[in-house]
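Here's the structure we're looking at; comments come further down.
Values quoted throughout were computed directly from the atomic coordinates according to the rules given, and no laboratory measurement underlies them. These numbers come from a predicted model, not from an experiment. Please note: Cβ atoms are built from the backbone with ideal geometry, for glycine as well, and neighbour counts cover all protein chains shown.
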Amino acid sequence: MDRKSNAELLDLGGKGAIVTGGAVGIGRSICYRLAEAGASVMIADIDLDEASKTIEKIRARGGKAQVIRADASSVEDANRAIEATAKAFGSLDILVNNAGVYPTCPALDTTEKLWDKVLSINLKGTFFYSQAAAREMIKQAKGGRIINLASIDGLHPHVEVAHYGASKGGVVMLTRDLALEFAPYQILVNAIAPGSIMTKGVEQERIAREAAGKTTQELMDEFVRRLPLGRPGFPDDIAKVVLFLASPAADYVTGTVIPVDGGYLLS
């Protein structure tokens, strides 16, 4: 077996990638990292304005990127986005199921509508984008990578996120099931379980909760104090691990769930 150089191990040149929810936050950072490594990136998102800003920055740095309006919870959109990516870039090699929602709500107050929304985007979407991607990858007959965004809330219980934790716990098991089923086709399926990541969405949630009389900043400070590394995470902390899993450096890794949480689960 040929030994690749360090540069070759992180080279995604010639690869076609799609990132759901890639317009902002963690998704945006993932797109930057994949494009910088040479992949052509399709952003599948409903926020075309922010997606366009992300594309402009990628292209300004010499990368290749396009956008398609697609709903993470729509099976029809999943099939359409995957087909468009393969057509635009000549192949589909990498799928990152990043799109997700994180509305906090006590279990006793959770409505059927909220439950269905969270499960549809976070879990149903992950499955059907993976299904569509796997079908394309099998047709291409050269393997591929599927990388799912789970959460430490899918591994460890927390208050007011039962619906979210259930969806991400489902992503954890879905990752393992699909890794086993897709292995004969050399499609590697892995997940990342982020901890507390400082994004614009998290900040907006903090402001909303404080306006409702909840001391979210105190909760966040307490959370950070529990982190062995002593700081919250940032989107690029997740993006760097996505890059690893998408690259030849992870050729023998499948069915794993990697916590990227500053050591929170150890505390």
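Kindly check whether there is at least one residue in region 72-81 that is among the acidic types (D, E), buried (at least 17 other Cβ atoms within 10 Å of the Cβ) and not in a loop (DSSP other than H, G, I, E, B).
yes
Take G22 and decide whether it is in contact (Cβ under 8 Å) with a residue 40 or more places away in the chain, more than 13 Å from K64 (Cβ to Cβ) and touching a Cys at 6+ places or on another chain (Cβ under 8 Å).
yes
For region 89-128, which positions are of a type in the set (A, V, I, L, M) and under 27 Å from E181 (Cβ atoms)?
Result: L92, I94, L95, V96, A99, V101, V118, L119, I121, L123.
If you go through region 54-71, how many residues are in contact (Cβ under 8 Å) with a residue 24 or more places away in the chain and surrounded by 14 or more Cβ atoms within 10 Å (Cβ to Cβ)?
12
Take the residues of region 34-71 that are part of a helix (DSSP H, G or I) and polar (S, T, N, Q): which is farthest from R145 (Cα to Cα)?
Of everything passing the filter in region 34-71, S52 is farthest from R145 (Cα to Cα).
Mind listing just one residue for me: the one in region 117-155 that is part of a loop (DSSP other than H, G, I, E, B), at negative phi and among the aliphatic types (A, V, I, L, M) and, of those, surrounded by the fewest Cβ atoms within 10 Å (Cβ to Cβ)?
Ranking the qualifying residues of region 117-155, first place goes to L155.
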